[in-house]
Amino acid sequence: MYLEGTILKKGDVKTYGNNGFQKQEVIIQIEENSPYPQKIPVDIVKRNLQIMEGVNEGDKVKMDINIRGNEWKDKIFVSIQGWRLSVIENGNATLQDDFDRAEPLTSSEPQADEDEDPLPF
């Protein structure tokens, strides 16, 4: 399963317990073009914390998730855990915009004439 939306809030990494369990909460807004957009809290835990490096609030992302259910004192708690992330748009700029703004590469080698066949066979 996955969620696709915009990172609204990127919480701080928090450490719990004596064994150093770490967790970061991220709020993703989905259904942005809907009259009723949804704000979904997603937990990033343990070794998956690295997927949030370089991701900022405002980035549009696709996040693979697992839905987890845990029982504690006769209650069931549901959480959504993110485990893989790819950035679709970086803030307000898309990757295509970055490509369009890039300067063309220049080569120090002379260009072949159009009449010459550049392939040796």
The ratio Rg/Rh over the Cα atoms of the range 12-60, Rh being the Kirkwood inverse mean 1/r radius, stands at 1.08
Would you work out which of Asn18, Gly58, Ile88 lies farthest towards the positive end of the dipole of the range 2-92, given +1 charges on the beta-carbon of Lys and Arg and -1 on that of Asp and Glu, about the Cα centre?
Asn18
In nm, give the distance between the simple-model label positions of Asn70 and Ile30, each being 7 Å from the Cα along the Cα-to-Cβ direction.
2.1
For a paramagnetic label modelled at 7 Å from the Cα of Lys9 toward its Cβ, which residues of the range 70-86 fall within the zone defined by backbone nitrogen distances under 19 Å?
78-82
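Computed from the coordinates by the stated procedures, all read-outs in this text should not be read as laboratory data. Just so it is clear, the structure is predicted and the values come from calculations on it, not from any experiment. Positions of Cβ are backbone-derived with ideal geometry, glycine not excepted, and every protein chain shown enters the neighbour counts.
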